[in-house]
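*Asks:* Pasting in a structure now, in structure tokens, and then I'll have a few things to ask.
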Amino acid sequence: HHLRAGRDLCGAIAASFYGLLDLVPDLDVTFNVILSDGERLVASRLAHGGPPPSLYWLAGHPAFPDSCVIASEPLFPDSRWQAVPEGHLLHIHPNRAVELRPVLPLAPERHVTP
């Protein structure tokens with residue numbers, strides 16, 4: 001329902017994560033999610049109460065031209081693999097530009113209740 005409320009993909013993932021924390025504030029939560037609207041893609045590396053699972057991305061590989069590969073671990077040796085930092089969203093724009101957006105640490109002004 002966050003997308004219907006007018007949020008963009010990054011905002012919808014962040015609001016869903018915060019909403020989950022509202023439901024289970026005393027539990028450890030990991031939240032690696034990938035969401036796309038067919039033009040852009042957002043992947044999250046979020047957790048509360050412990051470290052999030054790993055998440056990596058690779059752009060510019062000759063075997064995958066005009067693409068960005070996202071995986072839980074580097075799929076093959078290549079120095080271009082980059083880890084998504086803890087508490088961040090990976091936003092791939094329609095022109096395939098890659099942007100990292102911080103979401104954590106939780107800040108009161110960023111906290112959203114569904």
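*Asks:* From the phi angles alone, apply the Karplus equation (6.51, -1.76, 1.60; θ = phi - 60°) to segment 74-89 and give each ³J(HN,Hα) in whole Hz, x where the residue is Gly or Pro.
*Replies:* Each residue's phi maps through the Karplus curve to give x, 7, 7, x, 6, 5, 7, 4, 10, 7, 6, x, 4, x, 10, 10 Hz.
*Asks:* Moving to a separate point now. Please order Ser54, Ser16, Ser79 by the number of other Cβ within 10 Å, starting at the fewest.
*Replies:* Ser79, Ser54, Ser16
*Asks:* If you take the Cα atoms of segment 9-104, find Rg, then find the Kirkwood Rh from the mean of 1/r over all pairs, what is Rg/Rh?
*Replies:* On the Cα set of segment 9-104, Rg over Rh gives 1.00.
*Asks:* Same structure again: If you rank Glu73, Glu99, Glu86 by fewest surrounding Cβ atoms within 10 Å, what's the result?
*Replies:* In order of increasing Cβ crowding within 10 Å: Glu73, Glu99, Glu86.
*Asks:* Counting only residues 5 or more places away or on other chains, whose amide H sits under 5 Å from the amide H of Leu55 once H atoms are built in the peptide plane?
*Replies:* For Leu55, the qualifying residues are Val84.
*Asks:* For Ser67, list long-range residues whose amide hydrogen, built 1.01 Å from N in the peptide plane, is under 5 Å from its own amide hydrogen.
*Replies:* Result for Ser67 returns Gly60.
Computed from the coordinates by the stated procedures, all read-outs in this text should not be read as laboratory data. All values derive from a computational prediction rather than experimental measurement. Because the Cβ atoms are built from the backbone with ideal geometry, glycine has one as well, and the counts that use them run over all protein chains shown.
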